[in-house]
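The values are calculated or read from the model by the stated rules, or taken from the named source; none is laboratory data. Since this is a predicted model, take the numbers as computed values, not measurements. Every residue, glycine as well, gets a Cβ built from its backbone with ideal geometry; the counts of neighbours run over all protein chains shown. The protein model used for the area step is the full one, side chains on, heavy atoms only, and it has no ligands, DNA or RNA in it. Shrake-Rupley method; radii C 1.70, N 1.55, O 1.52, S 1.80 Å.
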Amino acid sequence: MRSLIIFTFVTILAFPVFAKKKGAPPMAAGANGDRTCAASKCHASYDLNSGDAKIFIEGLPEKYTANEVYEITLQLEQKRGKLWGFQATVADEEGMRVGKIISMEGQNTQLLPEEKYKSRTNRQYITHTVSGIRGSEKEKSPAWKIQWQAPDTSLVSPSFYFAFNVGNGNKKKTGDHVYTRVVTIAPDTE
Ligand code: HEM
């Protein structure tokens, strides 16, 4: 009985660490010089964007205001889709980070630790968590919510780079469809 109590206690403590652990590897959102999930040796069973998923990217303004925080919701729908993933980053034309991506508590997303890739770029990367690869409805991904805080000067036109993976649930990198989308917004100079 005592060992069962100890085991339960350790598992409850360890769960957040394990759940947070996975997610798509950094620099796979298709931004300047990045790979995508469909990089060779990864989810390369089908050509990029060759599947028939519906992709919803909501909440991005056409024009942004300095310092404003925008809430972006991402969701996918695809027949026979079982497990779902995404990665996103924001950059200007030179590939430099713009503003701040914020991971919202309880929204199945995680910011990848910058020390993992900061030698190569100052961009931030946000991706799904392990608990964030299962949708609540059949053939629909979770609705991942992320926030982006605009920089304190609205001079550049940032591009949001999104990579999505519709997994067939075989817990392997095969048989999955990968999609990329880029959304560029303008500064509100009024
Ligand atoms: C943003 C890009 C990516 C996303 C959204 C993503 C998402 C996912 C998802 C949802 C699964 C489960 C698939 C299933 O069971 O059907 C998965 C598994 C996997 N992915 Fe990715 N992935 C990405 C990039 C990559 C890259 C670049 C690699 C290779 C370096 C990779 C290697 C793997 C491997 C080996 C698995 C199998 C099991 C595992 O380790 O979890 N992925 N990925």
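Near E68, within a Cβ-to-Cβ distance under 11 Å, what is the net charge of the other residues, with Lys and Arg +1 and Asp and Glu -1? Within the 11 Å Cβ shell, the charges total -2.
Do you know the relative contact order of the chain, to the nearest whole percent, from alpha carbon pairs under 8 angstrom that are 6+ apart? Can you show the working numbers first?
On the way: 435 pairs, mean separation 59.0, N = 190.
It rounds to 31 percent for the chain.
Helical content of the chain, expressed as a calculated mean residue ellipticity at 222 nm, amounts to -3500 deg cm²/dmol (DSSP H runs of 4 or more residues, -39,500 (n - 2.57) each, divided by residue number, nearest 500). GNM on the chain, C-alpha springs below 10 Å: top fluctuator among F56, F160, F86? Sorting by GNM fluctuation, first place goes to F56.
Solvent-accessible area per residue in segment 2-187 equals 56 Å², computed with a 1.4 angstrom probe and all protein chains kept. Assuming a ≥ b ≥ c are the square roots of the Cα gyration tensor eigenvalues, decide whether segment 73-121 counts as rounded (a/c under 1.5), prolate (otherwise, with a/b larger than b/c) or oblate. It comes out prolate by the Cα gyration axes.
Note that the chain shows a convex hull volume over its alpha carbon atoms of 141 Å³ per residue. Prolate is the label for segment 39-104. Its Cα gyration tensor axes, ordered a ≥ b ≥ c, give a/c of at least 1.5 and a/b above b/c.
Modelled this way, with points 7 Å down the Cα-to-C-beta line, the labels at S119 and K54 are 4.5 nm from one another. Using Cα atoms only, what is the angle between the long axis of helix 2-21 and the major principal axis of the chain, expressed in degrees (0 to 90) to the nearest 10? Tilt of helix 2-21: around 20 degrees. Annotation: amide H-H contacts under 5 Å for M27 (H modelled 1.01 Å from N, sequence separation of 5 or more, or interchain): none.
Counting Lys and Arg as +1 and Asp and Glu as -1 over every other residue whose Cβ lies under 10 Å from the Cβ of D34, the net charge comes to +3. Couplings for segment 170-183, taken from phi via the Karplus curve 6.51 cos²θ - 1.76 cosθ + 1.60 with θ = phi - 60°, read 7, 6, 10, 8, 9, x, 9, 9, 10, 10, 10, 9, 10, 10 Hz in order; Gly and Pro are left as x. For K54, the aspartates and glutamates whose Cα falls under 13 Å of its own Cα, not counting residues fewer than eight places away in the same chain, are E77, E139. Counting Lys and Arg as +1 and Asp and Glu as -1 over every other residue whose Cβ lies under 14 Å from the Cβ of Q147, the net charge comes to -2.
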